[in-house]
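Worksheet for the structure shown next.
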Amino acid sequence: MGINCGSDRDTDHHKKRSKLLGDEDLLHITASNQRQRYVTKDGKCRVNLGPIADKSRFLSDIFTTLVDLKYRWFLLVFTMCYILTWVVFGVFYFFGAWLRDDIAHVDDPQWKACFQNVDSFLSALLLSLESQRTIGYGSRMVTANCPEGTIILMVQSILGSIIDALMVGCMFVKISRPQQRAQTLIFSKHCVICERDKKLCMLFRIGDLRESHMVDAKIRAKLIKSRQTKEGEFIPLEQSEINLGYDTGGDRLLLVEPQTITHVINDSSPFWEVGSERLKRETFEIIVILEGIVEASGLYIYF
């Protein structure tokens, strides 16, 4: 983040003066002055949670747990859910055919089979797959000669519908998450501190590359930094609000063209007491949060 400050300022009109109005003609913070990011530029949080003792809490909200999985793990769970149900019910069909002696009489036209044309575990697995996916080739089927076969088929149909609803829902939510939409929202590479309308301001720009724009877009920002209280307590990563115009409506954006976002550095700003020399050594991070409704899908998202 680069910060440029001009030196020729008319300060006679300021009763109060920010410490950033120093003697430096140019102030630039390079990447070597910055710590590792708290949040990356594509919106990913880099905080890693430590070992969690009670992991059963995640199972109580299984939908969110599945959506939060990485794609490789989610696809593994997605695949294994279907394979396991096919195999488990294939075992049921094979065991039922073996108990009723359907396997030994598969070629007997006079035999009233419960599981027709099931002569091996592979054929029972195919029956399970065809039943759950409603393929129905017609060569293998559950007949009306036994109630237990009908019950197994009903249970598999209900369980298969539940798995379809859960997996397809998770996949849709995962694909439509705002991280993908954020790839077409571009922020300026540098943040600038300068005077505008005789006020010291921090400026940066944001633009939307898509033709389908965000509706009711609102922007806010947080300053993340560590500090020590007057009592000696160390507070790591304290969050301070950066006013981007929520009191005047300036935080509501119409992103049909790139917009310049302004933060006025006054006595209520977290930068008011920060001098230019201190700013060179300061370790902090500014996190910008954009909220709005995607015009194409109507989904409320935030970045």
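The values are calculated or read from the model by the stated rules, or taken from the named source; none is laboratory data. Quick caveat, the model's predicted, so the values are computed rather than measured. A quick note on method: Cβ atoms are made from the backbone with ideal geometry, for glycine too, and the neighbour counts reach across all protein chains shown.
Residues of the range 225-258 that are under 25 Å from the mean Cα position of the chain (by Cα) and crowded, with 17+ Cβ neighbours inside 10 Å: Lys225, Ile242, Leu244, Asp251, Leu253, Leu255.
Determine if the range 136-149 includes at least one residue that is closer than 28 Å to Thr64 by Cβ and touching a residue at least 40 places away in the same chain (Cβ under 8 Å). Looking through the range 136-149, none of the residues is closer than 28 Å to Thr64 by Cβ and touching a residue at least 40 places away in the same chain (Cβ under 8 Å).
Criterion applied to Asp25, Asp42 was being assigned to a loop (DSSP other than H, G, I, E, B) and at pLDDT 60 or above, and the one residue passing it is Asp42. Tell me whether the range 155-165 contains one or more residues that are over 19 Å from Ile62 (Cβ atoms), crowded, with 17+ Cβ neighbours inside 10 Å and in the same structural domain as Leu76 (by the TED database). Among the residues of the range 155-165, at least one is over 19 Å from Ile62 (Cβ atoms), crowded, with 17+ Cβ neighbours inside 10 Å and in the same structural domain as Leu76 (by the TED database), which makes the answer yes.
To keep it simple, each residue is scored yes or no on (1) modelled with pLDDT of 85 or more; (2) part of a strand (DSSP E or B); (3) of a type outside the set (Ser, Thr, Tyr).
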residue: Leu122; (1), (2), (3): yes, no, yes
residue: Tyr137; (1), (2), (3): no, no, no
residue: Leu159; (1), (2), (3): yes, no, yes
residue: Met167; (1), (2), (3): yes, no, yes
residue: Met171; (1), (2), (3): yes, no, yes
residue: Val215; (1), (2), (3): no, yes, yes
residue: Lys218; (1), (2), (3): yes, yes, yes
residue: Ala221; (1), (2), (3): yes, yes, yes
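So is Glu295 in contact with a His (Cβ under 8 Å, 6 or more places away or on another chain), exposed (fewer than 15 other Cβ atoms within 10 Å of the Cβ) and in contact (Cβ under 8 Å) with a residue 24 or more places away in the chain or not? Here the answer is yes, as Glu295 does meet what is asked.
Hey, does the range 80-102 have a residue that's outside any loop (DSSP other than H, G, I, E, B), under 24 Å from the mean Cα position of the chain (by Cα) and modelled with pLDDT of 75 or more? Yes; the residues of the range 80-102 include at least one that is outside any loop (DSSP other than H, G, I, E, B), under 24 Å from the mean Cα position of the chain (by Cα) and modelled with pLDDT of 75 or more.
The set of residues from the range 207-257 being closer than 17 Å to Phe271 by Cβ and of a type in the set (Val, Ile, Thr) comprises Ile224, Ile242.
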